[in-house]
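The values are calculated or read from the model by the stated rules, or taken from the named source; none is laboratory data. Every value quoted in this text rests on a predicted model; they were computed, and no experiment measured them. All Cβ positions, glycine included, derive from the backbone under ideal geometry; neighbour counts span all protein chains shown. Quick note on the areas: whole protein, heavy atoms, side chains included, nothing else; ligands and nucleic acids left out. Shrake-Rupley method; radii C 1.70, N 1.55, O 1.52, S 1.80 Å.
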Amino acid sequence: MRAVIAEDSVLLRIGVVKVLEMAGFEVAAEVADAEALLAAVEEHRPAIAVVDVRMPPGFTDEGVRAALVIRQQWPGTAVLLLSQYVEERYAADLLSAHTSGIGYLLKQRVADVEEFADSLRQVAKGGTVLDPQVVSQLLVRRHSDPLDRLTPREREVLELMAGGRSNAGIAAQLVVSESAVAKHINSILAKLDLPKTDADHRRVLAVLRFLGVT
Amino acid sequence: MHTTARLRRVILWPFQGAGRPVAFLATGALIQLAALVVMALPWIFLVPETWAATLLAVLVPLAALVSAGPSLTEAQRGRFRARLGVHIPSPYEGSRPSLPEWLRSPAARRQLGYHLLFGPLLALAAVFVLLMWAASAVAASIYVWIWLVPPESRLGQVGYTVLAAYITVAGIALLCAASWLSRALARLDTRTATLRLGPSREEQLARRVEDLAESRAGLVDTVDAERRRIERDLHDGAQQRLVSLAVNLGLAKATLGDLPEDARRVIDEAHREAKEAMEELNDLVRGLHPAVLEDRGLDAAISGIAARAPLPVGVTVNLPSRPAPAVEAVAYFTVSEALTNVVKHAQASRAEVTVECLGATLVLVVSDDGVGGAEPVGGTGLAGLAKRVASVDGRLSVDSPVGGPTVLTVELPCVP
């Protein structure tokens, strides 16, 4: 699988490239700004683009805007955004336009090499990965809604789901059995009044409702 | 040698420091003389016969003097500076106002009071003192004059030496008096002029307050800018390097599968340390000046604090536009500190943060449902916060009855 990376900090770029290679990606292009990123995606049609939110020339949200363009024009390319800090509006912007092949992580997560490699693979496969901090920040904005009906445990499970964990991953994190996790998830889906479609899609919908973007 | 020096000192003692006041008084008298000439000008050429003509002959030169008021003030300030080394602050803020503006100002009334009333009176006194100098100098040196006059023309032949001795003594006494009077008069003139030609006390205070407010705002901004610079430097330098280090250690951990157990443990440890250092540096940078605050404003930055807090925090930010950077920073750190206090002391189950703009005031409220009893002065955190709030002319109040709830309200200026 091919990947491109857009990151203006050289050190971090080298690090991410190494992790990408470790995760089995072939890095087709390394660029430092949004314009070059779009050109590289056009040229290489990678499976994933790893994009810094803040890039030259404006150092504001160039990466987010580029990500929206990429998901729109080249649906085959997933985007994983890296950010120094959490801005939940970016996540909301991204997720309200696209519900798959999107990731939003803090830069510091790159250091957890194996988890980061997992996230890269998941996003490239069309999954959604959100940083736990993004998730908790989105929660701050929620005031009253069906989510209040969830028990604290269910809420924890939902947060981990939003973070892109599988049932096994959630079970490991919470130190419970996988069947317990499945039970929690069923209960969550019921409480959120989600339509019965295929399981994966319901999971995504639950997460989106949780994040307040649908 | 020593004795002559001492003798000279004793003789000159009464006149010590009289030279400058005398020169000063003489220039003052000259300026007033010039004004007098202006006033007298019409009368030199004609003697007005009707009432109207008399009125005109008085009013026209008076009007000329009044309109020359600002220049006269400058001349007088120059006189004080050059002759006495006394600086009378400019009565105007910034440049000199136009004549109509000047005439309407209270400063004009004060200055004209000096030019038309106090100045002439003081000049009259000065002329008297100068005459006194001349007369006493002549009297003190009466023997010289007597000697100069040819003997056949001398008036009295009898006892003139005794009389002359009296006159000499009186002259010396008068010289001392003139010296003292010159200094006293110069002091009186200085006091009058400072009150009348400089800014009034209120104006001085107002100007001082303005200057202080400006310099303080500048200081606050400088500190803010400096914090931001440090934040950027850390972000571009140490932070990136640490991430890179942690990534490399993480890669080593993940890829070097066949390492001996010891080496693996060391790498593990190093990786964890690097990540912890990264976290600590992140916290430090956030404490200096969070990038999110500069980029995205208060709403996003406060949500960030709320998300990191270990208890549920509701955030409502309603601002029509972004306040000044210094105000934003104070608001941000207020919320940060307040929530830290809530977590440490309040035993609350949740907290609420609201920020809104009411007119020109940004009102920030942090409330919790905890145990209350927070001391506004006792806690160093709150005291530091109050100082920070005061640095941008804000106000902080804490309502925290024992048993709760605690409500912290901060009002900050917010120019829309």
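Tabulated results
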quantity	calculated
Of all residues in region B:324-351 being part of a helix (DSSP H, G or I) and charged (D, E, K, R), the one that is least open to solvent (accessible area, probe 1.4 Å)	B:E328
Extreme residue, nearest to B:R395 (Cα to Cα), among residues of region B:307-334 that are within 12 Å of chain A (Cβ to nearest Cβ) and aliphatic (A, V, I, L, M)	B:V317
Yes/no for A:Q133 being within 14 Å of another protein chain (Cβ to nearest Cβ), assigned to a helix (DSSP H, G or I), open to solvent by 30 Å² or more (accessible area, probe 1.4 Å) and touching a residue at least 24 places away in the same chain (Cβ under 8 Å)	yes
Any hit, region B:374-395, residues being over 33 Å from the mean Cα position of the chain (by Cα), in the same structural domain as B:I302 (by TED's automatic domain parsing) and farther than 17 Å from B:P312 by Cβ	yes
Residues of region B:341-363 that turn out to be touching a helix residue (DSSP H, G or I) at 6+ places or on another chain (Cβ under 9 Å) and within 21 Å of B:D224 (Cβ to Cβ), as a count	2
Candidate set: region B:216-243, residues that are of a type in the set (S, T, N, Q) and surrounded by 15 or more Cβ atoms within 10 Å (Cβ to Cβ); chosen: the one nearest to the other protein chains (Cβ to nearest Cβ)	B:Q240
Qualifying residues in region B:244-285 (those that are under 30 Å from B:A225 (Cα atoms) and open to solvent by 60 Å² or more (accessible area, probe 1.4 Å)) - the one farthest from the other protein chains (Cβ to nearest Cβ)	B:L284
Boolean, B:R191 is surrounded by fewer than 16 Cβ atoms within 10 Å (Cβ to Cβ), of a type in the set (K, R), away from chain A (no Cβ under 14 Å) and closer than 30 Å to B:D295 by Cβ	no
Total residues in region B:291-306, condition in contact (Cβ under 8 Å) with a residue 24 or more places away in the chain, facing chain A (nearest Cβ under 7 Å) and out of contact with any Pro (no Cβ under 9 Å at 6 or more places or on another chain)	1
Out of B:R110, B:R79, B:R96, sole residue that is surrounded by 13 or more Cβ atoms within 10 Å (Cβ to Cβ) and in a loop (DSSP other than H, G, I, E, B)	B:R96
Pairs, first closer than 16 Å to B:G94 by Cβ in region B:202-215, second at pLDDT below 90 and part of a helix (DSSP H, G or I), C-beta under 9 Å, six or more apart	B:E203/B:P106; B:E203/B:A107
Test: B:S321 is outside any helix (DSSP H, G or I) and at pLDDT 85 or above	yes
Any chance B:F15 is closer than 25 Å to B:L131 by Cα and modelled with pLDDT under 85	yes
For B:S367: the one exception among (1) under 20 Å from B:D224 (Cβ atoms); (2) in a strand (DSSP E or B); (3) open to solvent by less than 60 Å² (accessible area, probe 1.4 Å); (4) not aliphatic (A, V, I, L, M)	(1)
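Okay, residues lined up against (1) away from chain B (no Cβ under 14 Å); (2) not small (G, A, S):
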site	(1), (2)
A:A66	yes, no
A:I70	yes, yes
A:P75	yes, yes
A:A92	no, no
A:L106	no, yes
A:R109	no, yes
A:L120	no, yes
A:M161	yes, yes
A:N167	yes, yes
